[in-house]
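A short reminder: the numbers here are calculations on the coordinates, not readings from a lab. Please read all numbers here as calculations on a predicted model, not as lab measurements. So basically every Cβ, Gly included, is an ideal-geometry build from the backbone, and we count neighbours across all protein chains shown.
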Amino acid sequence: MFNIQLWPSFCSFSILYCIFMVPKYRFMKKIYLLLLLIGLSAFPINSGIQAQSNTINGIENQDPKNAKIKGLSIFPNPATAGSSIYITSDRALTKTVTIFTVLGEKKHFKVLIGKELDISHLGPGIYIMNIKEGKNSATRKLSITK
């Protein structure tokens with residue numbers, strides 16, 4: 001196997017060998033040295049792919065968009081048409097609930113202070129619920145039957 005990080009060095013070595021050791025290419029020394037300096041300045045010294053860490057001093061950072069709502073519970077699911085559902089969590093804060101169809105059409109938006117959410121206007125089908133509580137959010141599937 002050939003180490004890809006050594007490729008620029010190998011190319012530079014082979015070109016240098018041709019220019020300095022083969023007599024008919026010696027007129028290219030100044031041009032080559034200029035190109036070599038430009039080329040080396042364009043490549044970073046420490047090249048390579050570095051993974052981004054999601055921890056600082058061993059403590060994991062949570063991206064607010066990906067943070068989970070602890071203890072989130074939606075019941076009953078599947079729900080019956082013309083009824084209500086109950087949404088609870090460990091922190092019991094105010095929740096913002098948005099309900100979409102599976103095609104992405106917004107069907108319902110409600111700032112929920114208690115637990116009960118009226119879904120009587122939604123017909124039978126599959127819906128996607130986006131629930132936000134503080135900086136945390138969660139997405140759940142909601143099934144409504146006849």
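Considering region 79-106, and only residues there that are among the aliphatic types (A, V, I, L, M) and outside any strand (DSSP E or B), the residue that is nearest to GLY134 (Cα to Cα) turns out to be LEU93.
When region 66-86 is filtered for residues that are among the β-branched types (Val, Ile, Thr) and closer than 22 Å to LYS146 by Cβ, the ones remaining, listed by number, are ILE74, THR80, ILE85. With respect to the conditions (1) out of contact with any Asp or Glu (no Cβ under 8 Å at 6 or more places or on another chain); (2) surrounded by 13 or more Cβ atoms within 10 Å (Cβ to Cβ); (3) among the aliphatic types (A, V, I, L, M), ILE69 falls short on a single one, namely (1).
Of all the criteria given as (1) part of a strand (DSSP E or B); (2) closer than 12 Å to ILE144 by Cβ, the one not satisfied by PHE109 is (2).
Residue by residue, here is whether (1) surrounded by 15 or more Cβ atoms within 10 Å (Cβ to Cβ); (2) of a type in the set (S, T, N, Q) holds:
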{"site": "VAL97", "(1), (2)": "yes, no"}
{"site": "HIS108", "(1), (2)": "yes, no"}
{"site": "LYS115", "(1), (2)": "yes, no"}
{"site": "HIS121", "(1), (2)": "no, no"}
{"site": "GLY125", "(1), (2)": "no, no"}
{"site": "MET129", "(1), (2)": "yes, no"}
{"site": "LYS132", "(1), (2)": "yes, no"}
{"site": "THR145", "(1), (2)": "no, yes"}
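Among the residues of region 80-127, those identified as of a type in the set (D, E, K, R) and touching a residue at least 12 places away in the same chain (Cβ under 8 Å) are ASP90, ARG91, LYS95, LYS107, LYS110, LYS115, GLU116, ASP118. Which ones in region 120-146 are outside any strand (DSSP E or B) and either closer than 14 Å to ARG91 by Cα or in contact with a strand residue (DSSP E or B) (Cβ under 6 Å, 6 or more places away or on another chain) (or both)? Listed by number, the residues that qualify are LEU122, PRO124, GLY134, LYS135.
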